[in-house]
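As structure tokens, the structure follows; a few thoughts come after it.
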Amino acid sequence: MGEPISSAYLARCHCGAICARYDTALPIARWSVRACQCSFCRAHAALSVSDPAGRLEFTALQAEHLQRYRFASGQTEFLLCRACGVYVGARLLGEAFGILNARALAAIPADLPAAQPMSYAGESAMDKKARRHARWTPLAPTSL
Ligand SMILES: [Zn+2]
């Protein structure tokens, strides 16, 4: 009884300073793709993907280009590239969970499911944290 085989998906900002590697055993057609309707995610047309059984690692090849952006409850760091402006993904502040912005994948998979529009506006800070613990991807220990 082995673990399901994971595939690795590579993502990066436009200039390549900020990279991500997403490991998941889920076939792309079964990915949960969320189009968060907050004003940050709408402005980036972000498509959030995660797998609680997967693994996510953010890397900065040029650390001086890493921008950690926080707003609202401040629980989450949104990781952007200062040089090219691309939003690559986000992580919970001080906790090893994250999401990938599928827009930053090296190629958008043809069978990526349609995004579900999501609004989390009514959530309390505690609800937000519980949802992220349940749905987000565990970060590799070496991740940003
Ligand atoms: Zn960049």
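The values are calculated or read from the model by the stated rules, or taken from the named source; none is laboratory data. Just so it is clear, the structure is predicted and the values come from calculations on it, not from any experiment. Here the Cβ is made from the backbone with ideal geometry for all residues, glycine too, and neighbour counts use every protein chain on show. Ligands, DNA and RNA are stripped out before the accessible areas are found, and what is left, the full protein with its side chains, is counted by its heavy atoms. Shrake-Rupley method; radii C 1.70, N 1.55, O 1.52, S 1.80 Å.
So here's what we get for this one:
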item	result
Å² per residue, accessible surface of region 7-138 at 1.4 Å	49 Å²
Relative compactness, region 64-144, computed as alpha-carbon Rg over 2.2 N^0.38 Å	1.17
Residue-averaged 222 nm ellipticity for the chain, from DSSP H runs of 4+ at -39500 (n - 2.57), nearest 500	-3500 deg cm²/dmol
Cysteines in the chain lacking a second Cys C-beta under 4.7 Å	C19, C38
Base-10 log of normalised Debye intensity for the chain (one unit scatterer per alpha-carbon) at q = 0.16 Å⁻¹	-0.82
Rounded FRET efficiency, nearest 0.05, which uses the C-beta distance separating A72 from H133 and R0 of 22 Å	0.80
Å³ per residue enclosed by the Cα convex hull of region 1-65	114 Å³
Inter-site label distance for A96 and E64 at 7 Å from Cα along Cβ, in nm	3.1 nm
